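I have placed the structure first, in the form of structure tokens, so that the comments after it can refer back to it.
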Amino acid sequence: MISLNVASREEVDRLIERVEVNGGQIADRSTDAHGFYGASFTDLDGHHFNVIVR
């Protein structure tokens, strides 16, 4: 799994939207937990990613 740290909640949401539009599979929608905001997805090649901001 690859984790990407981004600058804002808006960037998390924007990236997840782009992933979905381009055929990626959203594993977990954006959530707020333990001081982090993030989501996870799988790309077209099956690689797993987390996108988070603190």
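What follows is calculated from the coordinates using simple rules that are stated; it is not laboratory data. Since the structure is predicted, the reported quantities are computational estimates derived from the model, not experimental observations. With ideal geometry, Cβ positions are generated from the backbone for all residues, glycine too; neighbour counts draw on all protein chains shown.
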*asked:* Counting only helical runs of four or more DSSP H residues, what would the 222 nm mean residue ellipticity of the chain come to if each run contributes -39,500 (n - 2.57) and the total is spread over all its residues?
replied: -7500 deg cm²/dmol
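Report the relative contact order of the chain, percent, no decimals, based on alpha-carbon pairs under 8 angstrom and at least 6 residues apart. Intermediate values should be presented prior to the final figure.
Details: 100 pairs, mean separation 23.0, N = 54.
RCO, the chain: 43 percent.
Under a Cβ-Cβ cut-off of 15 Å, what is the net charge of the residues other than R54 that fall near it, where Lys and Arg count +1 and Asp and Glu count -1? Don't skip to the answer; put the middle values down first.
Numbers: positive: R9; negative: E10, E11, D32.
With Lys, Arg at +1 and Asp, Glu at -1, the net is -2.
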*Report, in cubic angstrom per residue, the convex hull volume of the C-alpha atoms of the chain.*
63 Å³
_Using only Cα atoms and rounding to the nearest 10 degrees, what angle (0 to 90) does helix 9-21 make with the longest principal axis of the chain?_
10 degrees
_Karplus (6.51, -1.76, 1.60) ³J(HN,Hα), θ = phi - 60°, over the range 29-45, in Hz, Gly and Pro reported as x_ = 5, 4, 9, 10, 8, 6, x, 10, 10, x, 8, 9, 8, 10, 7, 5, 8
*Going highest first, how would you order 23-31, 11-19 by mean Cβ packing within 10 Å?*
11-19, 23-31
